[in-house]
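Working notes, structure below.
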Amino acid sequence: MTTHFIAIGGSAMHNLALALHNKGYKVTGSDDAIFEPSKSRLDTKGILPAEMGWFPEKITNDIDAVILGMHAKADNPELLKAQERGLKIYSYPEFLYEQSKNKTRVVIGGSHGKTTITSMILHVMHYNDIAVDYMVGAQLEGFDTMVHLTDENDFIVLEGDEYLSSPIDRRPKFHLYQPNIALISGIAWDHINVFPTYENYVEQFEIFVDQISRGGILVYNEEDLEVKRVSEGATKPTRKLAYTTPNYKVENGTTLLETPEGDMPIEVFGAHNLNNLAGAKWICQNMGVDEADFYEAIGSFKGASKRLEKIAESRTTVAYKDFAHSPSKVAATTKAVKEQYPDRTLMACLELHTYSSLNSEFLKEYEGALAYADVAVVFYSPDAVKIKQLEEVTYDQIAQAFNRKDLIIYTNPKDFKDYLFNLNLENSALLLMSSGNYGGLNFDEVKGLIQ
């Protein structure tokens with residue numbers, strides 16, 4: 001099968017391209033810019049475009065499938081040529097469904113936690129030598145790619161993102177998977193550029209639940225009241241399995257999970273991660289892994305890349321980076337680190353980087369999000385606001401939204417870096433939360449601060 005990727009360089013898109021190449025497909029692609037690590041990974045497999053740009057002449061009649069990435073525009077020259085030729089054009093999730101329509105589809109949805117839960121499931125499967133297909137939004141230890149596709153595996157585990165499918169398909173990605181087994185971890189308003197009201201956002205999860213196949217399974221976090229309402233209100237014939245945060249305790253910086261065999265030390269920590277673990281356990285049990293084998297496997301799970309990832313540690317200091325940016329995730333992550341290191345000064349640095357977080361109307365959702373931090377810092381770049389063509393967010397709006405008198409605010413990357421590199425980190429926990437890099441911060445240099 002011959003496939004052509006329009007915008008092949010994206011994190012998700014290049015992983016799908018690699019998966020299809022590994023499956024034996026002929027893969028070509030284009031993009032106007034490709035960065036590391038996508039560039040080297042595509043080059044290694046011989047599928048890196050020879051030059052950057054869009055080339056309609058690449059769109060020939062022998063192409064079986066054109067896969068369109070979100071980075072492309074609706075007037076992309078290659079897309080227009082593919083439409084003109086009448087070629088089959090798929091969005092990323094549409095093509096994943098095509099690859100998995102004869103498999104048992106396990107889809108992990110939720111405003112937060114879905115990458116971690118998907119990663120936990122894959123870790124347990126890998127540990128127990130159970131081969132599954134998958135798509136996950138982070139690089140995992142022991143896995144070559146973020147997407148793996150075969151003809152023979154019975155299960156496929158899919159991280160179900162609620163963002164849009166493609167420039168010409170405005171449906172949320174997770175509406176296209178039609179799960180046999182589904183999970184919802186939490187619902188907290190996000191992506192306000194696409195879902196302008198909370199009610200509109202919640203509706204996407206109601207549609208997701210309605211897409212579960214008849215006789216399928218819905219696993220849901222009943223501690224989240226909105227998830228509980230959506231799940232228990234669903235009328236489609238499904239088996240519903242609720243989960244809650246399991247009992248645990250923290251002793252000398254180690255989290256101990258209560259199991260039928262006694263307290264077990266685990267690598268991940270924080271109530272939100274223990275809650276994620278409970279959801280992953282239900283899914284794994286419905287994929288044929290018994291409880292004892294799940295616990296044995298999960299003890300060695302260290303977390304997904306950039307999800308509360310420890311980047312440096314010394315005798316008195318520890319530093320973490322986390323992808324957190326939504327208010328609920330920021331609050332959960334900050335609380336988790338403080339709970340793990342109660343006797344240390346928690347310095348939490350949040351970058352407002354996404355469309356939602358830089359929206360003046362949405363900012364008020366952050367009130368209390370940094371409450372567990374001893375030192376709270378917010379960084380945002382006015383340049384990012386301009387690039388996203390948003391109204392300017394002011395210093396006073398940030399201060400008022402977080403409603404914390406001692407909040408420290410930076411808008412200049414150099415000033416923030418100078419502040420960070422002059423901190424006294426003795427007996428502290430440093431938490432860097434962002435889906436960006438604070439205007440160019442090198443995290444390897446941060447590691448050097450921890451001696």
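Readers should treat all values here as calculations from the given coordinates under stated rules, not as data from a laboratory. Since we're looking at a predicted model, the values are computed, not measured. Virtual Cβ from ideal backbone geometry, glycine too; neighbours counted across all protein chains shown.
At 222 nm, what helix-only mean residue ellipticity would the chain give, in deg cm²/dmol to the nearest 500, using -39500 (n - 2.57) for each DSSP H run of four or more?
-9000 deg cm²/dmol
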Practice item. Would you pull out the residues with amide H under 5 Å of Phe5's amide H, same chain only if 5 or more places away, H placed 1.01 Å from N? Key: Thr28, Gly29, Ser30, Ile67
Check your understanding: Distances over 27 Å make up what percent of all Cα-Cα pairs in the chain?
Key -> 56
Exercise for review: Could you give me the radius of gyration and the Dmax of segment 2-87, taking only the C-alpha atoms into account and expressing both in angstrom?
Suggested key: 11.8, 33
Check your understanding: Where the only charges are on Cβ atoms (+1 Lys, Arg; -1 Asp, Glu), what is the dipole of segment 309-447 about its Cα centre, to the nearest 20 debye?
Key -> 220
Review point. Along the positive direction of the dipole of segment 309-447 (beta-carbon charges: Lys, Arg +1; Asp, Glu -1; about the Cα centre), which of Ala401, Phe379, Val337 reaches farthest?
Key: Val337
Revision key, fill the gap. Any residue on another chain or 5+ positions along whose placed amide H is under 5 Å from the amide H of Ile217 is listed here as Ile181, Ala182, Arg239
Review point. Which percentage, to the nearest 5, of the DSSP beta bridges contained in the chain is antiparallel?
Key: 25
Revision key, fill the gap. With the charge dipole of the chain built from beta-carbon charges (+1 for Lys and Arg, -1 for Asp and Glu) about the Cα centre, the Cα from Thr2, Asn442, Gln99 projecting farthest to the positive end belongs to Thr2
Practice item. Compute the signed sum of charges (Lys and Arg +1, Asp and Glu -1) over the other residues within less than 11 Å, Cβ to Cβ, of Ala82. Key: +2
Exercise for review: Taking the Cβ of Ser100 as the centre, find all other residues whose Cβ is under 12 Å away and add up their charges (Lys, Arg: +1; Asp, Glu: -1).
Suggested key: -2
Check your understanding: How large is ³J(HN,Hα) for each residue in segment 53-66, as worked out from phi by the Karplus curve 6.51 cos²θ - 1.76 cosθ + 1.60 (θ = phi - 60°), to whole Hz, x for Gly and Pro?
Key -> x, 10, 10, x, 5, 6, 8, 10, 5, 7, 7, 7, 8, 9
**Study point:** In order through segment 326-332: 3J(HN,Hα) via Karplus (6.51 cos²θ - 1.76 cosθ + 1.60), integer Hz, x for Gly, Pro
**Key:** 6, x, 5, 6, 4, 5, 5
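In segment 26-87, which trypsin sites (Lys or Arg not before Pro) are in a loop and have at most 15 other Cβ atoms within 10 Å, using DSSP for the loop call?
Within segment 26-87, the qualifying trypsin sites (Lys or Arg not before Pro) (loop, at most 15 other Cβ atoms within 10 Å) are Lys45, Lys73.
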Review point. Magnitude of the Cβ-charge dipole of the chain, K/R +1 and D/E -1, about the Cα centre, nearest 20 debye?
Key: 400
Exercise for review: With a cut-off of at most 10 other beta carbons within 10 Å, and DSSP calling the residue loop, which trypsin sites (Lys or Arg not before Pro) in segment 195-231 qualify? Please list them.
Suggested key: Arg214
Revision key, fill the gap. Pseudo-spin-label distance Asp32 to Thr2, built 7 Å along Cα→Cβ, given in nm, is 2.7
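Assigning unit charges at the beta carbon (Lys, Arg +1; Asp, Glu -1) and nothing else, what dipole magnitude in debye, to the nearest 20, does segment 230-312 show about its Cα centre? Write down the numbers at each step before the final one.
Numbers: 9 positive and 11 negative charges, 111 e Å.
It works out to roughly 540 debye.
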Point to revise | Within straight-line cross-link reach of Lys73, lysines at Cα separation under 16 Å, skipping those fewer than 8 residues along the same chain | key: Lys81, Lys388
Study note, to complete from the structure: Along segment 114-130, Karplus-curve 3J(HN,Hα) (6.51, -1.76, 1.60; θ = phi - 60°) to the nearest Hz, with x for Gly and Pro, reads 5, 5, 5, 5, 4, 5, 4, 4, 5, 4, 5, 4, 4, 4, 8, 6, 9
Check your understanding: List the GluC sites (Glu not before Pro) in segment 132-169 that DSSP assigns to loop (not H, G, I, E or B) and whose Cβ has at most 12 other Cβ atoms within 10 Å. Which are they?
Key -> Glu152
